[in-house]
Amino acid sequence: MRIDVLSIFPDWFVGPFTTSILGKAAADGRLDLRVHDLRAWATDRHRTVDDAPYGGGAGMVMRADVWLTACDAVWNDLPVTATAGRSEPPAGVAYVAGGTRPRTLLLTPRGRPLTQAFAAELAAEDRLVLLCGRYEGIDERVHELAATDEVSIGDYVLFGGEVAAAVVVEAVTRLVPGVVGNDASPEDESFASGMLEYPHYTRPPDVRGHGVPEVLTSGDHGAVERWRREQALARTRQQRPDLLPPAADEPREPPPPDGGHPRGGRRAG
Ligand code: SAH
């Protein structure tokens, strides 16, 4: 899988993309992670990527012209020198038509909430492009013309899309078989079965007077299995009842499986 990230803080990704499992997958080529500096496509001496909002108000807005040229270049693997400051493709090159552009995710608090199901949907793509906003956000025309999806990592506001992009990359890549190659069994994990995971224990057997549930040391695999199922259900009931279907005696609308969002999953073009 190939993932391109566009940001004005490309250095921010050095840690997250070179550490541990992601770092190893990138180093040995199982994952093709590319980070691009949006400012490379700015055209003035100061490499400006933002301007004051039309209509007034606080804060600055990221410019659509710079973003759209950068997207064209990254979608088509064109060098900055051939694209910066041009609204038309260089001679002999066709920009990717809207319908065939790679899945392009614009990180924004108003986006489709990232869930395990949404991550699994994205894990099926060969290629993703992630657009990280800063300031008040990105000119609406980039949402319309470049993004195939708007993605939110939760109902809170960050300084920028970088943290959100890293969250998307981790959630998605660990679901791509053979890419990250973790040995966790994805069917067992939280959210996979619509429930939270059961609790884990390891050595030592006694920690400050707190022991380990006896069933786990009984050697009875059937009993362990049953206990884990019960625990998963109990925790979900207690901590995230919203994940469970309604009980038969309390009819209510179940939440949409993916947190349903009006623009969710939109593939423009
Ligand atoms: N004015 C915007 C917030 C801008 S925050 C608003 O009220 O919606 C600056 C940037 O941070 C955004 O452009 C976006 O890329 C990123 N960001 C902030 N919170 C986010 C979230 N919950 N999910 C995804 N991206 C987020």
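Read-outs: derived from the displayed coordinates by stated rules, not from any lab. These numbers were taken from a predicted model, which means no experiment stands behind them. FYI the Cβ positions are ideal-geometry reconstructions off the backbone, even for glycines, and counts take in every protein chain you see.
On the basis of the beta-carbon distance and an R0 of 22 Å, Glu214 and Glu170 show a calculated FRET efficiency of 0.05.
Per-residue packing, averaged as other Cβ atoms within 10 Å, sorts the ranges 119-127, 5-13 into the order 5-13, 119-127, beginning with the highest. Since only Leu216, Ala146, Met195 are under comparison, the one whose Cα sits farthest along the positive direction of the charge dipole of segment 144-226, derived from C-beta charges on Lys, Arg, Asp and Glu, is Leu216.
Within the shell of other residues whose beta carbon sits under 12 angstrom from the beta carbon of Leu6, the net charge comes to -1, with Lys and Arg scored +1 and Asp and Glu -1. Using the average count of surrounding beta-carbon atoms within 10 Å as a protection proxy, the listed peptides 159-168, 203-212 rank, highest first, as 159-168, 203-212. Estimated from the Cβ-Cβ distance and a Förster radius of 30 angstrom, the FRET efficiency linking Glu144 and Val80 is about 0.80. Protection proxy ranking of 218-231, 102-115, by the mean of other Cβ atoms within 10 Å over each peptide's residues and highest first, is 102-115, 218-231. How charged is the neighbourhood of Leu128? Take every other residue with its Cβ under 12 Å from the Cβ of Leu128, and add Lys/Arg as +1 and Asp/Glu as -1. My count for the surroundings of Leu128 gives -1.
Note on Arg110 and Ala223: the extension gain reaches 36.2 nm, defined as 0.36 nm multiplied by sequence separation minus the Cα-Cα distance. For segment 46-53, 3J(HN,Hα) computed residue by residue from phi via the Karplus equation (6.51, -1.76, 1.60; θ = phi - 60°) reads 8, 6, 6, 10, 9, 7, 5, x Hz, glycine and proline entered as x. Stokes-Einstein, applied to the Kirkwood radius of segment 2-173 over Cα pairs at a viscosity of 0.890 mPa s and 25 °C, places its translational diffusion at 149 µm² s⁻¹. Note on segment 189-253: with charges restricted to the Cβ of Lys and Arg (+1) and Asp and Glu (-1), its dipole about the Cα centre is near 200 debye. Summarising the amide proton neighbourhood of Ile138: residues at separation of 5 or more, or on other chains, whose placed amide H is nearer than 5 Å comprise Met62. The overall shape of segment 189-253, judged from the alpha-carbon gyration tensor, is prolate: a/c is not under 1.5, and a/b is greater than b/c. Amide H to amide H, with H built 1.01 Å from N, Tyr201 comes under 5 Å of no residue 5 or more places away or on another chain.
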